1. Given labels modelled 7 Å from the Cα in the Cβ direction, how far is it in nm from residue 52 to residue 88?
2. At q = 0.11, 0.21 Å⁻¹, what log₁₀ I(q)/I(0) does the chain have when each alpha carbon counts as one equal point scatterer in the Debye sum?
3. May I ask you to compute the full-extension gain from residue 70 to residue 38, defined as 0.36 nm times their residue separation minus their alpha-carbon distance, rounded to one decimal in nm?
4. Relative contact order of the chain: what whole-number percent is it, with Cα pairs under 8 angstrom and at least 6 residues apart?
5. Return the calculated 222 nm mean residue ellipticity for the chain, to the nearest 500 deg cm²/dmol, obtained by summing -39500 (n - 2.57) across DSSP H runs with n ≥ 4 and dividing by the residue count.
């Protein structure tokens with residue numbers, strides 16, 4: 001039995017992401033609430049980072065909290081300051097085109 005704590009549907013949606021204008025990585029799955037970032041370098045749970053990425057031409061900039069890290073693999077983050085309108089728009093963008101539900 002899995003412990004699914006996510007409140008929104010996740011999508012396989014590979015996209016480049018920039019963390020704190022310093023580290024470039026790839027988001028492998030994305031939701032309106034957070035993402036999993038593939039990166040050999042990971043941050044500790046609780047760290048807050050600024051993310052910048054694009055979804056179908058729409059730039060998303062938001063702070064995110066690292067929820068868990070898997071050294072050498074990546075980290076799960078939760079968006080912490082994405083406004084409700086942007087969150088709804090992100091969910092709509094993900095549901096439209098080439099995103100694959102997980």
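1. 2.8 nm
2. Results for the chain at q = 0.11, 0.21 Å⁻¹ read -0.29, -1.12.
3. 10.6 nm
4. 27 percent
5. -4000 deg cm²/dmol
Bear in mind that the values in this text are calculations on the coordinates, not laboratory data. These figures come from a predicted structure and were not determined experimentally. Counting neighbours? That spans all protein chains shown, and the Cβs are built from the backbone with ideal geometry, glycine included.
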